[in-house]
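Undergrad: Shown below is the structure under consideration.
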Amino acid sequence: MNTKITRLLGAGALLALALTGCASGSISGGEGKAAAAGSGNSDLRDVTIGLFPSSAVGAIQLGIDKGYFEEEGLNLEVLLGQGSAAQLPSLSSGSLDFMLASPTTPLIATAQGLDLKIVSGYAANRPEIVEDSVSVLVGPGSDIKSARDLEGKTVSINALGSIGEIGIREAVELDGGDPNKVTFVQLGFNEVGAQLESGQIQAGMAGPPFMQQIVADGGSVISDFIQDANLGGAELVIASSGALTRNDPALIESFVSALDKTLAYAEEHQDEVRDLLPSVLGTSPEAAAKTDFIAWSAELDVDALKQFADLMEKHGVTEKRPDVESTVWSK
């Protein structure tokens with residue numbers, strides 16, 4: 001397994017980068033598709049997926065290692081960016097074939113006239129476990145105790161207009177606060193702990209395994225906003241370009257089939273994902289061992305997507321309610 005990681009901090013960098021990786025399928029280190037084609041996997045089709053630093057990297061890498069994508073004739077190459085919004089231009093242009101995203105990203109894109117499709121589910125929230133998914137965290141000794149206390153505070157989310165923004169706004173309102181008095185800044189999950197410590201932010205959105213590291217360092221979760229806002233049914237999805245779904249539906253079906261096997265295996269063998277986190281994300285072994293995971297499944301909950309659309313309109317992320325039905329791909 002190749003664990004070199006290309007980190008992409010913005011859309012410009014992603015567009016400029018040749019999307020490359022190892023022939024065996026792995027997290028890309030930028031070694032070039034020519035090298036991949038000449039290394040013994042010429043019968044496989046090179047396919048690229050954009051991820052952001054999270055436990056999703058471990059789950060996808062496990063599927064690659066198990067050969068599920070090769071079984072479908074695919075050589076899957078992974079690139080890491082700060083969030084799906086930063087990777088959107090490359091998906092639209094065809095440089096990326098697939099992208100892990102909050103449903104807000106493709107719903108906003110289609111509302112703005114871009115040609116994107118949600119092709120499968122990826123994960124749902126576990127209501128019985130707070131630390132399986134993204135939450136709002138604070139550092140040691142913080143006087144912030146609940147969502148209402150975020151009024152007047154600077155809170156990081158991984159992308160503006162994302163599930164973090166609509167979910168936290170809704171949680172603040174449900175807790176009796178004014179969501180318009182929260183200042184949101186964009187920050188990768190892997191950066192939240194350091195920014196909390198430095199005081200640059202007062203609270204931050206993070207997910208596994210970075211959440212566990214913040215808690216281990218004395219921080220705490222103050223809002224399980226995904227559950228509060230009723231967004232847990234389709235917390236993460238896989239998106240592709242509309243052009244690819246029309247021009248090559250067989251590729252979409254092959255990818256979704258491999259993803260389905262990958263997520264089913266990862267769900268049943270979570271310790272194997274934990275074992276991968278130190279190498280693919282640089283997580284400490286101690287934090288990796290304590291990491292709880294979101295519920296992985298390729299099944300798509302369309303009703304949950306409708307809740308996203310409702311809140312996006314309510315909190316001003318889009319001028320009008322996104323059309324869920326036209327954004328979801330069907331065979």
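The values are calculated or read from the model by the stated rules, or taken from the named source; none is laboratory data. Worth saying up front: this structure is predicted, and the values here are computed from it rather than measured. Note: ideal-geometry Cβ built from the backbone for every residue, glycine included; neighbour counts use all protein chains shown.
Undergrad: Give me the residue from segment 79-110 that is part of a strand (DSSP E or B) and crowded, with 24+ Cβ neighbours inside 10 Å and, out of that set, modelled with the lowest pLDDT.
TA: Looking at residues that are part of a strand (DSSP E or B) and crowded, with 24+ Cβ neighbours inside 10 Å, I get G81.
Undergrad: Mind listing whichever residues of segment 130-155 are among the acidic types (D, E), surrounded by 16 or more Cβ atoms within 10 Å (Cβ to Cβ) and modelled with pLDDT of 95 or more?
TA: D149, E151
Undergrad: Tell me yes or no: at least one residue of segment 37-49 is polar (S, T, N, Q), outside any helix (DSSP H, G or I) and in contact with an Asp or Glu (Cβ under 6 Å, 6 or more places away or on another chain). Outline the logic, then answer.
TA: Start the filter on segment 37-49 by keeping residues that are polar (S, T, N, Q), which leaves 39, 41-42, 48.
Applying the additional criterion that residues be outside any helix (DSSP H, G or I) yields 39, 41-42, 48.
If we keep only those that are in contact with an Asp or Glu (Cβ under 6 Å, 6 or more places away or on another chain) too, we end up with 48.
Yes: segment 37-49 contains one or more residues that are polar (S, T, N, Q), outside any helix (DSSP H, G or I) and in contact with an Asp or Glu (Cβ under 6 Å, 6 or more places away or on another chain).
Undergrad: Could you please tell me which pairs satisfy a Cβ distance under 6 Å, a separation of 6+ or placement on different chains, a first residue in segment 52-70 that is farther than 17 Å from G207 by Cβ, and a second residue that is among the charged types (D, E, K, R)?
TA: Between residues of segment 52-70 that are farther than 17 Å from G207 by Cβ and residues that are among the charged types (D, E, K, R), the close pairs are L62/E272; Y68/K261.
Undergrad: Among the listed residues G164, G141, identify the single one that is under 22 Å from E197 (Cβ atoms), in a helix (DSSP H, G or I) and not assigned by TED's automatic domain parsing to the domain that holds A304.
TA: Just a single option satisfies the conditions, and that option is G164.
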